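The values are calculated or read from the model by the stated rules, or taken from the named source; none is laboratory data. Just so it is clear, the structure is predicted and the values come from calculations on it, not from any experiment. Positions of Cβ are generated from backbone atoms using ideal geometry, with glycine treated the same way; all protein chains shown enter the neighbour counts.
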Amino acid sequence: MDMNTIEAVVRTTDPADWRDGDAWLAGGTVLFSYGSTAFGPEPLRRLLDLGSAGWQPVTVTADGIELAATCTVAELYALPGKLADESGPADWAVKAQGWSGLDLVRPCCDSFVASFKVWNMSTVGGNLCTSLPAGPMISLCAGLDGTATILSPGGARRELPVADLITGDGQNALAPGELLRSVSLPASALSDRVAFRRLSLSNLGRSGALLIGRLDGGGRFALTVTAATKRPVQLRFESLPDAPELAGELEAAIPAALYHDDIHGLPEWRRDMTHRLAEEIRAELGSPAGAPAAVSGDFWPPQQTTRGA
Ligand SMILES: Cc1cc2nc3c(=O)[nH]c(=O)nc-3n(C[C@H](O)[C@H](O)[C@H](O)COP(=O)(O)OP(=O)(O)OC[C@H]3O[C@@H](n4cnc5c(N)ncnc54)[C@H](O)[C@@H]3O)c2cc1C
């Protein structure tokens, strides 16, 4: 893509450098695909390049995992392997022991269905800030109750749940010039039992519905709906609901207009699949770990759909 309105590329991570006509440049897979005139009424004049930020891509502590905004999909995909590798940093593996939430990392990365270039260049932050309904890093970070750390041009720093950062199709809560610095995934959510479901209209297609369920040690259930909806929708229950209760809460939380509508799926299909996958997740987490899930009534047989199925 010819970005012939760009006058300068500035290497900086300081939001104070930002001015009108600037865009943060991470992996560039969106910026260089859509060009410099697609990001607002005025063409872009400068790119503020995060390429030399030097931020540690992934940091694991007892509190959880911090993903730098510049962490690439490839670096994230490597994380479960690194934690399992006994020759890796010993304290990492100890801290991450029992974090079932790590099981979500690879299915979410795989949901990108991306080329080699996108896989190796695109970043967690770029995916969140692009804010497409089918953003798989949005699914992962919202599904694990991630909190975004945001730096403002005025020097302020604020935190926002990822589920609230994304506000619509291509829309988010960032003010002009704000920089997404990192996302923190708390150990509490990482420790939960998790279930993942994804559907796409075609084998290697973009996600039409991607749902993540979590059950904590106290029996509390959280369900995060992404891809089917224009922004993430989260439901929380003090205990695992029965099928009618879950269906009713989904119906109440997602009005028809909130289902996404594009070439990757009609809203009516996305609604039906959201209900179906939610019921599969409920049944899976309601069964003992490792046991086949009993799915009620209309939703039988269950469909395991992890890789673009
Ligand atoms: C073939 C192909 C397939 C794709 N498939 C998908 C898909 O399935 N799902 C999907 O969601 N996307 C998809 N994309 C779009 C895109 O690749 C991803 O959204 C990617 O994660 C964007 O990351 P990036 O680092 O390349 O962002 P960039 O192109 O660098 O930036 C994207 C936007 O985010 C802003 N930005 C980047 N980082 C920050 C930051 N730290 N703080 C504030 N603003 C920031 C930029 O200014 C820009 O507006 C696809 C693209 C291609 C070319």
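Here are a few things to note about the model shown:
- Residue match in the stretch 245-252 (condition: closer than 22 Å to P136 by Cβ and at pLDDT 95 or above): yes
- Test result for R197, over 13 Å from the mean Cα position of the chain (by Cα), more than 15 Å from the ligand (Cβ to nearest atom) and surrounded by 24 or more Cβ atoms within 10 Å (Cβ to Cβ): yes
- Candidate set: the stretch 53-76, residues that are part of a loop (DSSP other than H, G, I, E, B) and within 16 Å of the ligand (Cβ to nearest atom); chosen: the one surrounded by the most Cβ atoms within 10 Å (Cβ to Cβ): A69
- Annotation note: of G40, G98, the sole residue that is more than 11 Å from the ligand (Cβ to nearest atom), modelled with pLDDT under 95 and not assigned by TED's automatic domain parsing to the domain that holds L285 is G98.
- Of everything in the stretch 1-22 that is without any contact (Cβ under 8 Å) to a residue 40 or more places away in the chain and in contact with a Ser or Thr (Cβ under 8 Å, 6 or more places away or on another chain), the residue that is farthest from the ligand (Cβ to nearest atom) is N4.
- The residue pairs whose first member lies in the stretch 122-150 and is part of a helix (DSSP H, G or I) and within 9 Å of the ligand (Cβ to nearest atom), whose second member is of a type in the set (F, W, Y) and modelled with pLDDT under 95, and whose beta carbons are closer than 9 Å, counting only pairs six or more residues apart or on different chains, are N127/F112; P136/F112; M137/F112.
- Scanning the stretch 229-247 for residues that are out of contact with any Pro (no Cβ under 6 Å at 6 or more places or on another chain) and in a loop (DSSP other than H, G, I, E, B) yields R231, P232, E238, S239, L240, P241, D242.
- Once the stretch 200-216 is narrowed to residues that are modelled with pLDDT under 95 and farther than 18 Å from L132 by Cα, the residue that is surrounded by the most Cβ atoms within 10 Å (Cβ to Cβ) is S202.
- Single condition L48 does not satisfy, out of (1) near the ligand (Cβ under 9 Å from one of its atoms); (2) part of a strand (DSSP E or B); (3) more than 19 Å from E178 (Cβ to Cβ): (3)
- Filtered residues of the stretch 131-154 (kept if among the β-branched types (V, I, T) and either crowded, with 24+ Cβ neighbours inside 10 Å or over 14 Å from P232 (Cα atoms) (or both)): I138, T149, I150
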